[in-house]
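Below is one structure, written out as structure tokens; the observations come after it.
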2 protein chains.
Amino acid sequence: MTVELVARMLAGNRVALSKLMTAVESRAPERPAILAAVYPRTGRAHVIGITGPPGAGKSTLTDQVIDRFRRAGRKVGVVAVDPSSPFSGGAVLGDRVRMMRHAADDGVFIRSLSTRGSHGGLSRATKEIAHLLDAFGMDVVLIETVGVGQTELDVMEVAHTTVVVLVPESGDTIQTMKAGITEIADVFVVNKSDREGAERIRRELEAMVELGPRGAGAWRIPTLATVAAEGKGVDELVERIDAHRAWRDARPKDPDAAWAAAAHDIRDLIVERFGACLRGQVDAGLLDRYRDALLAGTTDPYTVALEVLASEDLVARILLCK
Amino acid sequence: MTVELVARMLAGNRVALSKLMTAVESRAPERPAILAAVYPRTGRAHVIGITGPPGAGKSTLTDQVIDRFRRAGRKVGVVAVDPSSPFSGGAVLGDRVRMMRHAADDGVFIRSLSTRGSHGGLSRATKEIAHLLDAFGMDVVLIETVGVGQTELDVMEVAHTTVVVLVPESGDTIQTMKAGITEIADVFVVNKSDREGAERIRRELEAMVELGPRGAGAWRIPTLATVAAEGKGVDELVERIDAHRAWRDARPKDPDAAWAAAAHDIRDLIVERFGACLRGQVDAGLLDRYRDALLAGTTDPYTVALEVLASEDLVARILLCK
């Protein structure tokens, strides 16, 4: 079933791609097998992250960037990450609707990912869905995050090139961004730059960039001005994104870093798989005999956990997880 | 060491409390032992969550609520949760500074918690720090979250009573809040209610509340107006918070729900402890022999993970984790 689905996906079947994404996102048992099967076909796509504060026009910009890549004949996968804030549903939806005009284009595949149900696993799911889009043959995979926060920083680790989008009103934001954001940014964009204060914020960003790494071989973060709603500045943005990729590809590879990243992935896969099994084993009656004492208040969850960890029962269950 | 620290904390030592919080937050090995030791002293404090969109004045309101509880002679613990958005550092800091005027008061203990370093574990850490404040003898534990998002919803699961703070400008927000927020709200507050549109938003909230559960025994979510900066409406807020607690305490207890919650905690403690050990075991050389093949591209992380999971090596390592 998995093998057949992967074969159909690799042959270009969009329904198969969609089904595999669902399996991966929901951490179905066949997930490692799926990812192993598509792995030989990955490594070709350029993964581009687009992030920034709410209201910066990221979806509009993403929509425009898709358009430019398509005109250049490049196939585009999009992962639209939505941390489903309870306080910001509507605006996001509206912006995303615009982007969906590309959904009818066979050279575009858009997938939305939400935090709900993938507790803490959003960056993992994003990475794996990007792998699937890569294997499917997309030349470019765009990852757009809507919210702001640690989740978004984690998600951006997946990207080869990260575009941080700000607006003229982001002055206060820049003062407080500090290290985090310059560390992840490869390109700064001041969107809605027809508004007052655009040039000032661009200069502030440039001053910040000046403090970063310099010298021969270092990437110099460009600070671009765009008006995404009118398509202004988007060509230059795409050009700088491509330049960053070229710079990245020309750097000597660091085998230790590559190994560290792979070992990290392997370790997480093992621990996660094991944890899921152990969770099931614990739920399968292992705790029942503590129920009365717990409800009576003569013991507590932490004491029980320590007892179970020390028990022989657990060994038997653990071996079942092997 | 742990035993002594817990004894000193329970005797009222603030330095000991602070050290225990650090141990718990950083998931130190002695964490379950600490929590088990303080458990018998927990269950007395009223845990109150204060959440809402950025700019709603939550910190100012929290500051005022602390003040009212202190005047009533109640001891107050505060967990200030900061999802450390890379895009919103400054404002938060300023508001929090105001709250810190209470830090010199022996009847108040304020602890900040940040997402950084506690990947996905913010709601766990919040809950456990609330336990420590409870055991320390605080009558009330306030949990204030600054950002918005799934993280905040998760954090609020810890609270007995959740106050959702909005402002007159939150009209659009309310249209898009939908189920999520009414599900967690026990009290709605329209803060900065001296601004235009306050009454309109209050009516909208009331209309929303009308759609919720009703009838004898159901809690009717009040919608209050405050001007936190002037202390207006805060007395009534505290009164409604207390009323919610009284309503909650009067409800018949559901042993199945209590057991489910305890079993969930136990399971997570076991799986987490095991995962941490297994992670260490995998890092201790278990993957070294795959390095060359991985770097040469003749295998991939997913295939290696499946191989390791099927290997006898892993069993030996797993048993070391017992």
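The values are calculated or read from the model by the stated rules, or taken from the named source; none is laboratory data. Small disclaimer: the values here were computed from a predicted structure and weren't measured. Heads up, the Cβs are rebuilt from the backbone with ideal geometry, glycines too, and the neighbour counts pull from every protein chain shown. SASA here: full protein model, heavy atoms, side chains in, ligands and nucleic acids out. Shrake-Rupley method; radii C 1.70, N 1.55, O 1.52, S 1.80 Å.
Using the Cβ of A:G137 as centre and a radius below 12 Å, the other residues enclosed give a net charge of +2, where K and R count +1 and D and E count -1. An oblate overall shape is assigned to the stretch B:227-298, the ratio a/c of its alpha-carbon gyration tensor axes (a ≥ b ≥ c) being 1.5 or greater and a/b not exceeding b/c. Summarising the amide proton neighbourhood of A:S114: residues at separation of 5 or more, or on other chains, whose placed amide H is nearer than 5 Å comprise A:D82. Given axes a ≥ b ≥ c from the Cα gyration tensor, I'd like to know whether the stretch B:32-74 is rounded (a/c under 1.5), prolate (a/b larger than b/c) or oblate. It comes out oblate by the Cα gyration axes. Spin-label model, A:A310/A:E230: points 7 Å from Cα along the beta carbon direction are separated by 7.3 nm.
Entry note: the stretch B:195-253 has Rg to Rh equal to 1.04, where both radii use alpha-carbon atoms and Rh is the Kirkwood radius.
Computed from label points 7 Å out along Cα-Cβ, the spacing between B:A296 and B:N13 is 5.9 nm. What FRET efficiency comes out for B:A104 versus A:D288 if R0 is 51 angstrom and r is the Cβ-Cβ distance? Round to the nearest 0.05. Efficiency computed from Cβ-Cβ geometry: 0.55. When a/c reaches 1.5 or more, the comparison of a/b and b/c decides; with that in mind, is the protein assembly as shown rounded, prolate or oblate per its Cα gyration tensor? Verdict is oblate for the protein assembly as shown. Across the options A:H46, A:A56, A:V81, the greatest Cα extent toward the positive end of the charge dipole of the stretch A:16-81 (unit charges at beta carbon of Lys, Arg, Asp, Glu) belongs to A:H46. With r defined as the distance between the Cβ atoms of A:E196 and B:E196 and R0 fixed at 35 Å, what FRET efficiency is calculated, to the nearest 0.05? E between A:E196 and B:E196, to the nearest 0.05, is 0.90. With angles folded into 0 to 90 degrees, how steeply does helix A:171-184 sit against the dominant principal axis of chain A? Use alpha carbons for both and round to 10. Roughly 60 degrees, rounded to the nearest 10. Taking the Cα centre of the protein assembly as shown as reference, the dipole from Cβ charges on Lys and Arg (+1) and Asp and Glu (-1) amounts to some 140 debye. The alpha carbon convex hull volume per residue for chain B rounds to 183 Å³.
For chain A, the dipole from Cβ point charges (+1 on Lys and Arg, -1 on Asp and Glu) about the Cα centre works out to 800 debye, to the nearest 20. Treating the beta-carbon of each Lys and Arg as +1 and of each Asp and Glu as -1, no other charges, what is the dipole magnitude of the stretch B:1-52 about its Cα centre, to the nearest 20 debye? The calculated dipole for the stretch B:1-52 is roughly 100 debye. Computed from the C-beta positions of A:W247 and B:W247 and an R0 of 60 Å, the FRET efficiency is 0.45 to the nearest 0.05. Using only alpha carbons, the stretch A:262-322 has a radius of gyration to Kirkwood radius ratio (Rg to Rh) of 1.09.
Taking only protein heavy atoms and a 1.4 Å probe, the accessible area of the stretch B:240-322 is 54% carbon and sulfur.
Tally Lys/Arg at +1 and Asp/Glu at -1 over every other residue whose Cβ is under 11 Å from the Cβ of B:L294; what's the total? Residues near B:L294 contribute -2 overall.
Averaged over the residues of peptide B:53-61, the number of Cβ atoms from other protein chains lying within 10 Å of each residue's Cβ is 1. Ranking B:L320, B:V108, A:T298 by how far each Cα lies toward the positive end of the dipole of the protein assembly as shown (charges on Cβ) leaves B:L320 at the top.
Computed from phi, the 3J(HN,Hα) profile of the stretch B:298-313 under the Karplus parametrisation 6.51, -1.76, 1.60 (θ = phi - 60°) reads 7, 9, 9, x, 6, 5, 4, 4, 5, 5, 4, 4, 8, 8, 6, 3 Hz, with x in place of Gly and Pro.
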